[in-house]
Amino acid sequence: MRVRRCAVLWLEPREVAHFELERLLAGDTGVVSRMQWFAHAPQLSVPVELDPDDVSLLGGLSPSDWVSATPLREAHGAARIRRLLQAGLLIGSTKQWATQRETDERLRGQHWHGLAATWHAASRWDGIDAAGEVEEAGLLTAEGLREAYGAPPPMLHERGDADARFGLPRAARTTLDDLLDARATCRNFDTTRPLPLAQLAQVLERAFGARGQVHGADDFDVLKKTSPSGGALHPAECYLIARKVEGLPPGLYHYRPLDHALQPLPLDERSILAAAGRHADAQGMDALEFLSWIAVGGQQWFADAPVLCVLAPRFVRNFWKYRNHPKAYRVCILDVGHLSQTLLLSATELGLGSYITAAINEADLERAFGLTHWSEGPLAVCGLGLRAPTMQTYELDPNRRAWPR
């Protein structure tokens, strides 16, 4: 058998601390720390703990050149080689290791920049109740943040000579200003009224729908949309968790921008609810309710939206052009930002509440929609729906445009 290293690998030296009562009783702090190595690779669900011999072995292997496994077994031991093969850090050429090899080859074909792929995989959440953690830490209010972290950096800062400042003329107010001023993150949705289908359709069409199509070359078509996209590739897709929309059965959907249509997707209720038992706040929820709640990290004020739009770029589409490019992943993030703000402004024009959040459990959404995170994965979630008649959860609206009452 021949082996090589996996396509992308980052070796992290990490200080790991634990408490020992004996050390405390001896007059020490009781906190004992040691350095430990961890292997990060985009295809792994969690980092793999390594010892120094593992690091030496992996650091000396090529990710592209195959070598015989026999001398490696003799030098490092057969058990070590097998363990690293099972973890997917070493790739084997035989049928026994076909699953790990096929995954590695698929990842190579994505043309990710190595550090971007590693960061994308490592920054994903799985089953995190972020809202509960923030509440427990007392960080829900400005006073709590100030007490915990001290004074923030100044709201404004000076650069250059203040006396040389050049004043600019004020813009004449138009209806666009009214729309921009009314745009505020909604944390109070009316849970009793469904979202009209026509309003959902209008927001989706303006944010994600195709405004035109160009045939660039054989097998190379591009769409015109209302938001810019790096290389005009428009890799970001919109997946919907629809809970309460007039005339639309509750469920999961994929928006098709050229057809302006929603494609229903299978809903595996048992799989979605498998993790619900870990969260006291989720008891009694049905599958769509729990998926909405866990999707936005336990932020119930966002989960209440009748529709959640999951923005998930197809990285392979963008990286086809920007191969192993250090800016390619950043462009995908920018694309999602452009689309989200078009969605929010379109919703505001209709008098709807809306939001965007990056505090999301990517892994839960990937399982629900059948996505592979390094091929296509969620970066943000937007929600929209009718506003509640009263503001129960605080919203930052200093100009009192969204909440004039």
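List of remarks:
- Within segment 303-327, the set of residues being in a helix (DSSP H, G or I) and open to solvent by less than 10 Å² (accessible area, probe 1.4 Å) comprises A303, F315, N318, F319.
- Restricting A117, A142 to those that are free of Cβ contacts under 8 Å to residues at least 60 places away in the same chain and either more than 23 Å from Q283 (Cα to Cα) or among the charged types (D, E, K, R) (or both) reduces the list to A142.
- Candidates E237, E205, E269, filtered to the one that is among the acidic types (D, E), open to solvent by 40 Å² or more (accessible area, probe 1.4 Å), more than 30 Å from N399 (Cβ to Cβ) and in contact (Cβ under 8 Å) with a residue 12 or more places away in the chain: E269
- Within segment 338-361, the presence of a residue that is touching a residue at least 60 places away in the same chain (Cβ under 8 Å), part of a loop (DSSP other than H, G, I, E, B), under 19 Å from P228 (Cα atoms) and under 15 Å from the mean Cα position of the chain (by Cα) is excluded.
- Lone unmet requirement of (1) in a loop (DSSP other than H, G, I, E, B); (2) without any contact (Cβ under 8 Å) to a residue 12 or more places away in the chain; (3) among the aliphatic types (A, V, I, L, M); (4) farther than 20 Å from S123 by Cα for V46: (4)
- Top-ranked residue in segment 219-258 [being of a type in the set (G, A, S) and part of a strand (DSSP E or B); ranked as farthest from V336 (Cα to Cα)]: G251
- When E395, E349, E376 are screened for being closer than 22 Å to L44 by Cβ and surrounded by fewer than 24 Cβ atoms within 10 Å (Cβ to Cβ), only E376 passes.
- In segment 1-30, the residues that are without any contact (Cβ under 8 Å) to a residue 24 or more places away in the chain and in a strand (DSSP E or B) reach residues that are open to solvent by less than 80 Å² (accessible area, probe 1.4 Å) and β-branched (V, I, T) with C-beta atoms within less than 8 angstrom, at least six apart or across chains, in these pairs: A17/V32; H18/V32; F19/V32.
- Of all the listed residues (G27, G77, G88), the sole one being of a type outside the set (A, V, I, L, M), open to solvent by less than 50 Å² (accessible area, probe 1.4 Å) and more than 27 Å from A122 (Cα to Cα) is G77.
- Qualifying positions in segment 208-218 - more than 14 Å from S340 (Cα to Cα) and either assigned to a loop (DSSP other than H, G, I, E, B) or touching a Phe, Trp or Tyr at 6+ places or on another chain (Cβ under 9 Å) (or both): A210, R211, D218
- Filtered residues of segment 240-266 (kept if among the charged types (D, E, K, R) and either surrounded by 13 or more Cβ atoms within 10 Å (Cβ to Cβ) or within 24 Å of D126 (Cβ to Cβ) (or both)): R243, K244, E246, R256
- Check on W97, among the hydrophobic types (A, V, I, L, M, F, W, C), open to solvent by 70 Å² or more (accessible area, probe 1.4 Å) and assigned to a helix (DSSP H, G or I): no
- From the options G370, G385, residue that is modelled with pLDDT of 95 or more, open to solvent by 30 Å² or more (accessible area, probe 1.4 Å) and among the small types (G, A, S): G370
- Positions within segment 259-285 being acidic (D, E) and in a helix (DSSP H, G or I), in sequence order: E269, D281
- Of all residues making up segment 120-172, the number that are part of a loop (DSSP other than H, G, I, E, B), at pLDDT below 90 and in contact with a Gly (Cβ under 6 Å, 6 or more places away or on another chain): 1
The values are calculated or read from the model by the stated rules, or taken from the named source; none is laboratory data. Note that the structure is predicted; figures quoted are calculated from it, not measured. Neighbour counts are summed over all protein chains in view; Cβ atoms, including those assigned to glycine, are modelled from backbone coordinates with ideal geometry. Note: accessible area is taken over every heavy atom of the protein model, side chains too, but ligands, DNA and RNA are not part of it. Shrake-Rupley method; radii C 1.70, N 1.55, O 1.52, S 1.80 Å.
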